[in-house]
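K.L.:
Attaching a single structure in C-alpha cells format; questions to follow.
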C-alpha cells in the first residue's frame, strides 16, 4: 500500500502497540494476568500507556516523520525484542 500511495505523497505506516489497559481488554479472559506478563517482559518493567501510543501516532502524522513510510513502529517498551 505504501508503494502504491507513495507517488501521491501518502505515507502508510502501522503501530504495533504493546498490551495496554483499556476498556476493550477487560473482555479478554484472564486479561489481568496477560497485562502482568506483558509488563514483566518490558525493558523497564512498566506497561506501555495510551499516551505513549498516541504520541507515536501524532509523530507519524507530523512533518517530522516525512521520511518514514511502509514501516511498523513498535510501541511496546521492548517486548517485541524477547
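K.L.:
Modelled label-to-label distance, residue 2 and residue 25, 7 Å Cα→beta-carbon offset: nm?
P.N.:
The two pseudo-label positions are separated by 2.6 nm.
K.L.:
Can you run the Rg to Rh ratio on the chain? Use alpha carbon positions and the Kirkwood inverse-distance Rh.
P.N.:
Numbers: Rg = 15.1 Å, Rh = 14.2 Å.
Reported Rg/Rh, Kirkwood definition of Rh: 1.07.
K.L.:
What spacing in nm lies between the two simple spin-label points modelled at residue 14 and residue 65, each 7 Å away from Cα in the Cβ direction?
P.N.:
Placing both labels 7 Å beyond Cα along the Cβ direction yields 1.4 nm.
K.L.:
Given a cut-off of under 8 Å on Cα pairs at least six residues apart, what relative contact order in percent is computed for the chain? Write out the running numbers ahead of the final one.
P.N.:
Numbers: 99 pairs, mean separation 37.2, N = 82.
Taking the mean separation of contacting Cα pairs over the length of the chain, I get 45 percent.
All of the numbers you see were taken from the coordinates with simple rules; none came from a lab. Since this is a predicted model, take the numbers as computed values, not measurements. Because the Cβ atoms are built from the backbone with ideal geometry, glycine has one as well, and the counts that use them run over all protein chains shown.
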